[in-house]
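Take a look at the structure set out below.
Any read-out appearing in this document is the output of simple, stated calculations on the displayed coordinates, not a laboratory observation. Since this is a predicted model, take the numbers as computed values, not measurements. Note: ideal-geometry Cβ built from the backbone for every residue, glycine included; neighbour counts use all protein chains shown.
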Amino acid sequence: MQNPYYFMDASMFLLNSARGPLAQMHALDVMWVSFYAIGLLIFSVLLISVVRKWINNPVLAFILKFLAYGMLLIGSFLMVLVVATWPN
């Protein structure tokens, strides 16, 4: 017999919400998203280091830093999504 209070069962909501935002994707696709996120993070750190060490033009340095910090934010956001999709 089914529980008459099934619609009030909180575990149904917890299990569905615990799967994460990338739960609809295949696990190997989530792996590739994590690789892209790691690549964005590493490339942004390298770009910031290059700009601070060798670029003297302030306009070019600003553009490259802006691009690097954008990649850092996107990579961090993607990594948070991957971690939130971690299997239970």
### Summary
Extension length gain for LEU64 and TRP32 (0.36 nm per residue less Cα distance), in nm, is 9.0 nm
### Task
Please report ARG19, ARG52 as a ranked list, fewest other C-beta atoms within 10 angstrom at the top and most at the bottom.
ARG52, ARG19
### Query
What list do you get for ILE48, ILE38 if you sort them by fewest beta carbons within 10 Å?
ILE38, ILE48
